[in-house]
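Single-structure report; data block below.
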Amino acid sequence: MTIVEIGKMNDEQAREYLENIRWPNDPVCPHCQGTNVTRLKGEAHRPGMIQCNAKECRGQFTVTVGGVMESSHIPLVKWAMGFHMLSSSKKGMSALQLQRNLGLGSYRTAWFMCHRIRCAMEGQPVQQKMTGVVESDETYIGGKPKRNSGKRGRGTKKQPVMVLVQRDGAAVSMPVPNVTIKTVRRELNLHVSKSAILMTDEHSAYIKPGQRFKEHDTVNHGTDEYARRRDDGLVVHVNSCESFFALMKRGHHGIYHSWSKKHMHRYCSEFGFRWTHRKTTDTERTEVAIQQAEGKRLLYKNPCEKSA
Ligand SMILES: [Zn+2]
């Protein structure tokens, strides 16, 4: 579905669109995972209401229950369009822009919608560890630039953000409290398989944690080395990470203007999601984001818990 096609849907068609993505086969009860269900029709029931027939459950649900769209008063067609807009815009989209484009009642509503969609974009709890060649790098985002301090990047009060990119594959990005051996080790161990070939710059925090992996190779940015071809043909660089951060910074400066530290992880999720699925179409990427909406409400508190 293109954004134009989604925009033409009525409520019922939008519900059907979301249902088909969430449940490619039959509806599954979000309370008990049962599939013996009955659609409740007629005026006595809210549109889209489904009854679970499992004796011990008997729960009722709609397509939005158990996901980031639950308890929202925003029409489903606007949700579907919102998912599409955030999934397809390379540098992201501000809440203000979303509010205008979708004709949402308030900035607050648009803001919550954006954050809920980012919540859906966050990687699944059980994610495959990265393999092959994995690049790791960090940058510093946000905060007012300190004039005359002479400091850039490391050592300033900006928020450090790490990214791990499997070459030609997924990206995972996260804000980190600092770039120490301990932090680097935690993130690498969480996301990268031991069988991977790790590539970083010469930052000393990577030396010890890097020993855990099959190989750890570095480029020395300090001596203006940005890529080096090894004897086996592999090229050592962290250019994928740098492209990722370039995109993120363009979004930060051009679209969002300011990200609070509190919500930085959501923007990291948003950019990581689009990077990971960059080789698919806008339509497919939107559908993945909608699929990932499921179950998120149970896992995350603010702002997913608040209604909009
Ligand atoms: Zn049930």
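A short reminder: the numbers here are calculations on the coordinates, not readings from a lab. Because the structure is a prediction, the values reported are computed rather than measured. Note that each Cβ is placed from the backbone with ideal geometry, even for glycine, and that neighbours are counted across all protein chains shown.
Observations
- The C-alpha atoms of the chain define a longest principal axis, and helix 239-251 lies at about 60 degrees to it.
- Among 252, 263, 73, a tally of other beta-carbon atoms within 10 Å of each Cβ gives an order, fewest to most, of 73, 263, 252.
- Taking a ≥ b ≥ c as the square roots of the eigenvalues of the Cα gyration tensor, an a/c ratio of 1.5 or more together with a/b no larger than b/c marks the stretch 67-127 as oblate.
- Pairwise Cα inverse-distance average, inverted: Kirkwood Rh of the stretch 1-143 (Å): 17.5
- Pairwise label distance in nanometres, residue 280 with residue 73, each label 7 Å out on the Cα-Cβ vector: 3.3
- Sites counted here are GluC sites (Glu not before Pro) in a DSSP loop (not H, G, I, E or B) having no more than 16 other Cβ atoms within 10 Å; the longest part of the chain that contains none of them is 57-201.
- Karplus-based coupling profile of the stretch 267-275, in residue order and whole Hz: 5, 4, 4, 4, 6, x, 4, 5, 5, with θ = phi - 60° in 6.51 cos²θ - 1.76 cosθ + 1.60 and x standing for Gly or Pro.
- Karplus (6.51, -1.76, 1.60) ³J(HN,Hα), θ = phi - 60°, over the stretch 174-186, in Hz, Gly and Pro reported as x: 7, x, 10, x, 6, 10, 9, 4, 4, 5, 4, 4, 4
- Computed FRET value (nearest 0.05) for residue 243 with residue 1, which takes r as the C-beta separation and R₀ as 25 Å: 0.30
- Extension gain, residue 181-residue 56: 0.36 nm per intervening residue step, less the Cα-Cα distance, totals 40.0 nm.
- Taking the chain as a Gaussian network of alpha-carbon nodes connected by springs under 10 Å, the highest mean-square fluctuation of the residues 38, 131, 286 belongs to 38.
- Mean-square fluctuations from a GNM of the chain, with a 10 angstrom spring cutoff on Cα atoms, peak among 102, 86, 198 at 102.
- Residue pairs exceeding 25 angstrom between C-alpha atoms, taken from 158/182; 78/296; 129/208; 158/279; 8/249; 182/261: 158/279; 8/249.
- Under a 5 Å amide H cut-off, with hydrogens placed 1.01 Å from N, residue 130 pairs with 192, 193 among residues at least 5 apart or on other chains.
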